[in-house]
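Asker: If you scroll down you'll find the structure; I have some questions about it.
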Amino acid sequence: MEHPLNIFSFLPSEIIEKYLHVLMTFVVILISLVIGLIVSRKNKMVPDKTQNAIEVAVNGVYDMCMDIMGKDGKPYFPLVFAIGLYVLFSNVLGLVPGFSSPTANLNTTLAPALIVFVTYNFIGIKKHGAGYIKHFMGPILWLSPLMIVIEVIGHISRPVSLSVRLFGNIFGKEVLLMVLFMLVPFLVPLPIYFLGIFVAVLQTYVFMMLTMIYISGALEEAH
Amino acid sequence: MSKVLRILINVALIMGAFSASAFAADGGASSAEWAIYLGAGLGIGIAAHGTGIGQGNATAKAVEGISRNPGASGKIITPMIIGLAMIESLAIYALVVSLILLFVV
């Protein structure tokens, strides 16, 4: 799937074909750093417009965290917010002409999914020690060999489903846009852009929500 | 139906079943491309079938819950959106398989 005219067209075409998602990720990192620099300047007690907007976002995600993970989940809130920021800006960047979504590539979406997988298992082992295996064993003791196999398969399907869900949504939107541009370039692709905005925000929300649910599942006591 | 009509329909079905091998007989390089396109199209079609039914059920129950208790509409809509995204992801898996079939195979 070629991306003909984008902001990095001055680079040779071998680099563009293979590494476009990495270059676009640099743009996303740049945007996140700029927002961080804006926020970390001197904050007033009575917030002005930009500080107000960012406080709304942070408070919203913090309330979601407290709802789902409880008080134990407070150290993991920066991870959730960072993943949300990264996925949101990556998704929305594809709607700007001249750029393309880095999350339209399976490598980009696999990275946060694997990080979430390793993190919630690490949290479970850190909190429960060797008793973390009880999360996999199920309620009845003599059924536990079967239950361990089923639970391990379910747990391995979690990073797969996280990455493929995000990749499929954004890549499908891009394929649809390309097909419509080939067929009727005049006004017909415009509703797909509205769909793209909705899907970008929704998939970010779902990714953050699933991260918090997995972490809360690792933090809670086993039955 | 009459006996002649039944015989004709059976002949047509058997001829159709055997014509698939006739396509494989010509063109050694692209021997089964029709199967790729057929699989890609049918895969996403059947997936859309199931996800339409599932999301319709989810939205129907959510709207019924809102109608019973209009004040709780915020608390109902949030799990409904999450549920719709979960159900949609099953169709997205089928879409990814179709895209792999079309562009990689």
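Asker: Limited to the range A:78-126, what total is found for residues that are of a type in the set (Gly, Ala, Ser), part of a helix (DSSP H, G or I) and touching a Gly at 6+ places or on another chain (Cβ under 9 Å)?
Answerer: Applying the first criterion (of a type in the set (Gly, Ala, Ser)) to the range A:78-126 yields A:82, A:84, A:90, A:94, A:98, A:100-101, A:104, A:111, A:113, A:124.
Still in the list and also part of a helix (DSSP H, G or I): A:82, A:84, A:90, A:104, A:111, A:113, A:124.
When the remaining residues are screened for being touching a Gly at 6+ places or on another chain (Cβ under 9 Å), the result is A:104, A:124.
Within the range A:78-126, residues that are of a type in the set (Gly, Ala, Ser), part of a helix (DSSP H, G or I) and touching a Gly at 6+ places or on another chain (Cβ under 9 Å) number 2.
Asker: Right, here's the next one. May I ask you to say which residue of A:LEU195, A:LEU180, A:LEU166 is surrounded by 17 or more Cβ atoms within 10 Å (Cβ to Cβ) and part of a helix (DSSP H, G or I)?
Answerer: On the way: A:LEU195 fails: surrounded by 17 or more Cβ atoms within 10 Å (Cβ to Cβ); A:LEU180 fails: surrounded by 17 or more Cβ atoms within 10 Å (Cβ to Cβ).
The match here is A:LEU166.
Asker: Considering only the range A:124-145, how many residues are touching an Asp or Glu at 6+ places or on another chain (Cβ under 9 Å) and either under 23 Å from A:MET208 (Cα atoms) or of a type in the set (Phe, Trp, Tyr) (or both)?
Answerer: Looking only at that region, the number is 3.
Asker: Working only within the range B:46-94, note down all residues that are within 14 Å of chain A (Cβ to nearest Cβ), free of Cβ contacts under 8 Å to residues at least 24 places away in the same chain, surrounded by fewer than 17 Cβ atoms within 10 Å (Cβ to Cβ) and small (Gly, Ala, Ser).
Answerer: Answer for the range B:46-94, where residues must be within 14 Å of chain A (Cβ to nearest Cβ), free of Cβ contacts under 8 Å to residues at least 24 places away in the same chain, surrounded by fewer than 17 Cβ atoms within 10 Å (Cβ to Cβ) and small (Gly, Ala, Ser): just B:GLY74.
Asker: Answer yes or no as to whether A:VAL160 is surrounded by 12 or more Cβ atoms within 10 Å (Cβ to Cβ), in a helix (DSSP H, G or I) and either of a type in the set (Val, Ile, Thr) or within 10 Å of chain B (Cβ to nearest Cβ) (or both).
Answerer: Details: surrounded by 12 or more Cβ atoms within 10 Å (Cβ to Cβ): yes; in a helix (DSSP H, G or I): yes; either of a type in the set (Val, Ile, Thr) or within 10 Å of chain B (Cβ to nearest Cβ) (or both): yes.
Criteria met by A:VAL160.
Asker: Another one. Looking at (1) surrounded by 13 or more Cβ atoms within 10 Å (Cβ to Cβ); (2) farther than 19 Å from A:SER216 by Cα; (3) within 14 Å of chain B (Cβ to nearest Cβ), can you tell me which one A:MET147 breaks?
Answerer: (3)
Asker: Inside the range B:95-105, can you point out the residues that are surrounded by 17 or more Cβ atoms within 10 Å (Cβ to Cβ) and facing chain A (nearest Cβ under 9 Å)?
Answerer: B:LEU95, B:VAL96, B:LEU99
Asker: Could you grab me the full set of residues in the range B:1-44 that are closer than 22 Å to B:LEU102 by Cβ, among the small types (Gly, Ala, Ser) and modelled with pLDDT of 80 or more?
Answerer: Taking the range B:1-44 first, the residues closer than 22 Å to B:LEU102 by Cβ are B:20, B:23-24, B:27-44.
After this cut, where a residue has to be among the small types (Gly, Ala, Ser) as well, the list is B:20, B:24, B:27-32, B:35, B:39-41, B:43.
Correct list: B:SER31, B:ALA32, B:ALA35, B:GLY39, B:ALA40, B:GLY41, B:GLY43.
Asker: Listed residues A:PHE122, A:PHE81, A:PHE117, A:PHE99; which is of a type in the set (Phe, Trp, Tyr) and under 22 Å from B:THR78 (Cα atoms)?
Answerer: Checking each option against the conditions leaves just A:PHE81.
Asker: Consider the range A:67-92. How many of its residues are at pLDDT 90 or above and surrounded by 13 or more Cβ atoms within 10 Å (Cβ to Cβ)?
Answerer: Count: 16.
Asker: A:LEU20: out of contact with any helix residue (DSSP H, G or I) (no Cβ under 7 Å at 6 or more places or on another chain) and touching a residue at least 24 places away in the same chain (Cβ under 8 Å), yes or no? Write out each step before concluding.
Answerer: Values: out of contact with any helix residue (DSSP H, G or I) (no Cβ under 7 Å at 6 or more places or on another chain): yes; touching a residue at least 24 places away in the same chain (Cβ under 8 Å): yes.
Judged against the criteria, A:LEU20 is a match.
Asker: A further question on this structure: Test A:LYS42 against the criterion of being modelled with pLDDT under 80 and on the phi < 0 side of the Ramachandran plot, and give yes or no. It would help to see each step written out before you state the result.
Answerer: Numbers: modelled with pLDDT under 80: yes; on the phi < 0 side of the Ramachandran plot: yes.
The answer is yes for A:LYS42.
Asker: Among the residues of the range A:93-115, what is the count of those that are surrounded by fewer than 23 Cβ atoms within 10 Å (Cβ to Cβ), of a type in the set (Val, Ile, Thr) and under 15 Å from A:PHE207 (Cα atoms)?
Answerer: 1
Asker: Another question about this same structure. For A:PRO12, only one of the following conditions fails: (1) crowded, with 17+ Cβ neighbours inside 10 Å; (2) without any contact (Cβ under 8 Å) to a residue 24 or more places away in the chain. What is its number?
Answerer: (1)
Asker: Scan the range A:203-219 and give yes if some residue there is more than 11 Å from chain B (Cβ to nearest Cβ), assigned to a helix (DSSP H, G or I) and over 20 Å from the mean Cα position of the chain (by Cα), otherwise no.
Answerer: yes
Asker: Related question: Limited to the range A:154-190, what total is found for residues that are among the β-branched types (Val, Ile, Thr) and modelled with pLDDT under 90? Write out each step before concluding.
Answerer: Restricting attention to the range A:154-190, the residues satisfying the condition of being among the β-branched types (Val, Ile, Thr) are A:156, A:160, A:164, A:170, A:175, A:179, A:184, A:188.
From the residues that got through so far, the ones that are modelled with pLDDT under 90 too are A:175, A:179, A:184, A:188.
Going through the range A:154-190 one residue at a time, the tally reaches 4.
The values are calculated or read from the model by the stated rules, or taken from the named source; none is laboratory data. Note that the structure is a prediction, hence the values are computed from the model and not measured. With ideal geometry, Cβ positions are generated from the backbone for all residues, glycine too; neighbour counts draw on all protein chains shown.
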